[in-house]
1. Go over the candidates GLN160, GLN176 one by one and state the one that is surrounded by 13 or more Cβ atoms within 10 Å (Cβ to Cβ), within 12 Å of the chain's Cα centre (by Cα) and not hydrophobic (A, V, I, L, M, F, W, C).
2. For THR29, indicate whether it is hydroxyl-bearing (Ser, Thr, Tyr), at pLDDT 65 or above and closer than 21 Å to PHE165 by Cα.
3. Condition first: closer than 20 Å to ILE181 by Cα, in a loop (DSSP other than H, G, I, E, B) and among the acidic types (Asp, Glu). Now tell me which residues in the stretch 103-128 satisfy that.
4. Looking at the stretch 62-86 only, could you name the residues that are among the charged types (D, E, K, R), surrounded by fewer than 21 Cβ atoms within 10 Å (Cβ to Cβ) and within 23 Å of the chain's Cα centre (by Cα)?
5. Output the number of the condition that ASN109 fails; it satisfies all remaining conditions of (1) more than 26 Å from MET85 (Cα to Cα); (2) surrounded by 14 or more Cβ atoms within 10 Å (Cβ to Cβ); (3) not small (Gly, Ala, Ser).
6. Return the residues of the stretch 129-182 that are part of a strand (DSSP E or B), without any contact (Cβ under 8 Å) to a residue 60 or more places away in the chain and either among the polar types (S, T, N, Q) or more than 27 Å from SER106 (Cα to Cα) (or both); say none if nothing qualifies.
7. GLY81 fails exactly one of the following numbered conditions: (1) outside any strand (DSSP E or B); (2) at negative phi. What is the number of that condition?
8. Being at pLDDT 95 or above, outside any helix (DSSP H, G or I), among the basic types (Lys, Arg) and in contact with a strand residue (DSSP E or B) (Cβ under 7 Å, 6 or more places away or on another chain) is the requirement here; does ARG36 meet it?
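The values are calculated or read from the model by the stated rules, or taken from the named source; none is laboratory data. Because the structure is a prediction, the values reported are computed rather than measured. A quick note on method: Cβ atoms are made from the backbone with ideal geometry, for glycine too, and the neighbour counts reach across all protein chains shown.
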Amino acid sequence: MKKQYYLSIISVLILVVFVIIAIGSGDTTEPERVEREEADSIPVEEPIDETEAANETFYLGDTVKMGDLIFTLNSIRWDQGSEFMKPDPGEKWIVFDCTIENAGDSATNISSLAMFSLYDEEHYSCSMTIFADTKGSLDGELGAGRKMRGEIAFDVEEGQSKWEFIFKPEMFGFGQAIFEITDADVN
């Protein structure tokens with residue numbers, strides 16, 4: 001009886017900790033378009049109005065600041081696979097080359113699985129693939145003032161010609177940058 005009482009108390013305390021973490025990290029991060037002058041430095045413009053930023057759509061080559069992270073969609077390409085691994089029949093692999101910069105004062109964790117998603121023109125989510133030939137990775141700790149560049153690949157159906165590539169920097173917060181992608185953007 002005493003053991004069940006202690007287990008109940010511990011369970012309630014763990015639940016309270018998770019609720020506090022979820023409430024404390026529920027900040028909204030609105031995307032802001034950033035203009036680039038040079039490849040080495042990414043100056044940040046004055047923040048634009050939040051309602052304008054929330055409704056704005058971004059495109060290939062755009063740089064977006066969300067919270068302390070500055071995200072750039074550099075390029076998009078197709079990957080045909082290798083002799084050992086190829087996309088399933090009726091599918092293709094689309095690869096996104098991205099750069100993330102931490103403009104904050106402390107390190108942050110980057111997770112490609114948690115921060116990126118792709119939706120097709122019928123609004124179905126596309127699966128991330130690990131079998132495509134990608135360069136670099138967008139996973140791990142990103143120190144203050146540091147940049148990380150890598151590629152992320154997704155399975156898409158043949159015949160699709162439009163997608164929404166989504167960058168969501170806060171796992172428990174709200175706010176996302178939506179990039180409209182067309183077949184013409186893919187090399």
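1. GLN176
2. No, not satisfied.
3. If the condition is that a residue be closer than 20 Å to ILE181 by Cα, in a loop (DSSP other than H, G, I, E, B) and among the acidic types (Asp, Glu), then GLU121, GLU122 are the ones that fit.
4. Residues satisfying the conditions are ASP62, ASP68, ARG77, ASP79.
5. (2)
6. THR129, LYS162, GLU164, THR182, listed by residue number.
7. GLY81 satisfies all of (1) outside any strand (DSSP E or B); (2) at negative phi except (2).
8. For ARG36, the condition - at pLDDT 95 or above, outside any helix (DSSP H, G or I), among the basic types (Lys, Arg) and in contact with a strand residue (DSSP E or B) (Cβ under 7 Å, 6 or more places away or on another chain) - is not met.
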